[in-house]
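Enquirer: Here it is, the structure, as structure tokens.
The values are calculated or read from the model by the stated rules, or taken from the named source; none is laboratory data. All values reported here derive from a predicted model rather than from experimental measurement. Counting neighbours? That spans all protein chains shown, and the Cβs are built from the backbone with ideal geometry, glycine included. Side chains included, ligands, DNA and RNA excluded: accessible areas come from the protein's heavy atoms. Shrake-Rupley method; radii C 1.70, N 1.55, O 1.52, S 1.80 Å.
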Amino acid sequence: MNKKVLRNLSYGVYAVSALGENRMSGCIANSIMQITSSPATLAVSMNHDNTHECIEKSGMFAVSILSEKTDPNIISQLGFQSSRDVDKFMNVPFITKHNIAVVDDACGYLVCKVIDKMETNTHTVFLG
């Protein structure tokens, strides 16, 4: 993990991805925050209807930090449809890190192993 990327994490727009059973899953999120820098830990809040199930099963997730110049089609592709119905990464340029898709033109990315989680009625906060 690049700790310089972690220390510069702020409120923004992120693509969260995880490996699903048949293909990569992903969604757009803005609820990501650094918890500690040592050990490097962050939290991602995932709606139970989004990529939550894939993170839960795989125990891993990636966060691609999107910029103001990110192609709006990437946000649309990852944010306005379900990975259950379509291959969200079919038209999204990506690289694979630790078997998880990372958006190719992201400002930076973090790949995390789930170390804990907290449940609410609608969301799970995963710590990675």
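Enquirer: Which strands (runs of 3 or more DSSP E) does the range 37-128 wholly contain that include 2 or more residues that are among the basic types (Lys, Arg) and in contact with a helix residue (DSSP H, G or I) (Cβ under 9 Å, 6 or more places away or on another chain)?
Expert: none
Enquirer: Another one. Hey, among the residues in the range 105-116 that are open to solvent by 50 Å² or more (accessible area, probe 1.4 Å) and touching a residue at least 12 places away in the same chain (Cβ under 8 Å), which one's nearest to ASP71 (Cα to Cα)?
Expert: Here the residue is ASP105.
Enquirer: Same structure again: Of LEU78, LEU42, LEU19, which residue is more than 17 Å from HIS123 (Cα to Cα) and open to solvent by less than 20 Å² (accessible area, probe 1.4 Å)?
Expert: LEU78
Enquirer: Could you check the range 1-30 and list, in sequence order, the residues that are free of Cβ contacts under 8 Å to residues at least 24 places away in the same chain and in a helix (DSSP H, G or I)?
Expert: If the condition is that a residue be free of Cβ contacts under 8 Å to residues at least 24 places away in the same chain and in a helix (DSSP H, G or I), then LYS4 is the only one that fits.
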